[in-house]
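Visitor: Below is a structure I'd like to ask you about.
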């Protein structure tokens with residue numbers, strides 16, 4: 001009988017959240033609450049949440065572990081006093097060396113967990129509104145982090161103050177929320193204590209000047225203020241990036 005391939009657990013993301021473990025567990029189990037941190041506003045969001053978090057999971061309620069059917073990833077929630085440790089773990093081949101390779105799913109999990117942390121710590125999982133933009137840089141352009149003028153700030157350790165005038169025209173006076181080799185998150189008080197996540201994706205033959213995406217998360221903006229923000233970002237984005245196909249959150 002052939003030997004089964006050996007596997008190892010790889011931690012994709014691990015964050016401490018200033019909320020009790022029961023609250024974090026409920027936030028990843030209740031579809032209404034998942035809607036306030038997972039992905040971004042899209043017509044397909046409710047269906048995606050139902051597919052991923054309701055119909056294709058195997059929960060261990062007592063241990064607070066959420067397994068996803070058909071994929072090697074799982075959520076784990078650990079109580080740490082008044083705070084919690086949330087990690088996403090992937091069972092992968094023992095010899096795999098994926099840590100420094102861009103992976104859409106991994107970077108997506110990281111973005112969404114950071115959105116969850118913000119939503120729980122600062123907004124009690126309140127209603128948000130988001131703007132999502134994705135595409136490849138036009139000839140002579142650059143990937144979103146550089147195009148927005150965030151190259152230096154993207155290297156700042158989490159918790160550092162970030163003061164910047166973005167190429168979009170927005171002023172940011174927040175803190176560095178998180179970073180990976182491919183993305184960075186910055187809080188934006190001007191968006192109702194919101195969050196900007198900017199991700200650079202690897203170049204390809206069809207996008208040699210760079211490509212990537214941004215997620216703007218806002219809270220409490222009036223319809224007029226949100227509309228102005230959305231129009232300004234779409235105008236800037238369309239001037240610098242080619243439109244991508246309509247994406248899904250997963």
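The values are calculated or read from the model by the stated rules, or taken from the named source; none is laboratory data. This one's a predicted model, so the numbers in the text were calculated from it and none came from an experiment. Please note: Cβ atoms are built from the backbone with ideal geometry, for glycine as well, and neighbour counts cover all protein chains shown.
Visitor: In the stretch 203-230, what residues are out of contact with any strand residue (DSSP E or B) (no Cβ under 8 Å at 6 or more places or on another chain) and not in a helix (DSSP H, G or I)?
Guide: Within the stretch 203-230, 205, 208, 220, 222 qualify.
Visitor: Restricting to helices (runs of 4 or more DSSP H) lying wholly in the stretch 14-81: which have 3 or more residues that are over 17 Å from residue 112 (Cα atoms) and touching a strand residue (DSSP E or B) at 6+ places or on another chain (Cβ under 8 Å)?
Guide: So the answer is none; nothing clears 3.
Visitor: Now a separate question. Would you confirm, using the coordinates I've provided, whether residue 68 is free of Cβ contacts under 8 Å to residues at least 60 places away in the same chain and assigned by TED's automatic domain parsing to the domain that holds residue 103?
Guide: Criteria met by residue 68.
Visitor: Oh, and also: Restricting to the stretch 184-198, name every residue that is farther than 14 Å from residue 131 by Cα and either surrounded by fewer than 18 Cβ atoms within 10 Å (Cβ to Cβ) or in contact with a helix residue (DSSP H, G or I) (Cβ under 6 Å, 6 or more places away or on another chain) (or both).
Guide: 184, 185, 189, 190, 193
Visitor: While we're on this one: Can you tell me which residue within the stretch 163-174, out of those that are buried (at least 16 other Cβ atoms within 10 Å of the Cβ) and without any contact (Cβ under 8 Å) to a residue 60 or more places away in the chain, is farthest from residue 233 (Cα to Cα)?
Guide: 174
Visitor: How many of the residues in the stretch 149-175 are under 19 Å from residue 117 (Cβ atoms) and touching a helix residue (DSSP H, G or I) at 6+ places or on another chain (Cβ under 8 Å)?
Guide: Total satisfying the criteria: 4.
Visitor: So, one more: So in the stretch 134-162, with the set limited to residues that are under 18 Å from residue 187 (Cβ atoms) and touching a residue at least 40 places away in the same chain (Cβ under 8 Å), which one is surrounded by the most Cβ atoms within 10 Å (Cβ to Cβ)?
Guide: Here the answer is 144.
Visitor: Select from the stretch 116-129 the residues that are farther than 20 Å from residue 162 by Cβ and surrounded by fewer than 18 Cβ atoms within 10 Å (Cβ to Cβ) and list them in ascending order.
Guide: Of everything in the stretch 116-129, those that are farther than 20 Å from residue 162 by Cβ and surrounded by fewer than 18 Cβ atoms within 10 Å (Cβ to Cβ) turn out to be 124, 126, 127.
Visitor: Do we find that residue 117 is touching a strand residue (DSSP E or B) at 6+ places or on another chain (Cβ under 9 Å), within 20 Å of residue 11 (Cβ to Cβ) and at pLDDT 95 or above in this structure?
Guide: Answer is yes for this residue.
Visitor: Among the candidates 88, 131, 145, single out the residue that is in a helix (DSSP H, G or I) and either modelled with pLDDT of 95 or more or not assigned by TED's automatic domain parsing to the domain that holds residue 222 (or both).
Guide: So the residue among 88, 131, 145 that is in a helix (DSSP H, G or I) and either modelled with pLDDT of 95 or more or not assigned by TED's automatic domain parsing to the domain that holds residue 222 (or both) is 145.
Visitor: Quick check: anything in the stretch 3-12 assigned by TED's automatic domain parsing to the domain that holds residue 111, within 26 Å of residue 126 (Cβ to Cβ) and not in a helix (DSSP H, G or I)?
Guide: no
Visitor: Surrounded by 14 or more Cβ atoms within 10 Å (Cβ to Cβ), in a strand (DSSP E or B) and at pLDDT 95 or above - does that describe any residue in the stretch 238-250?
Guide: yes
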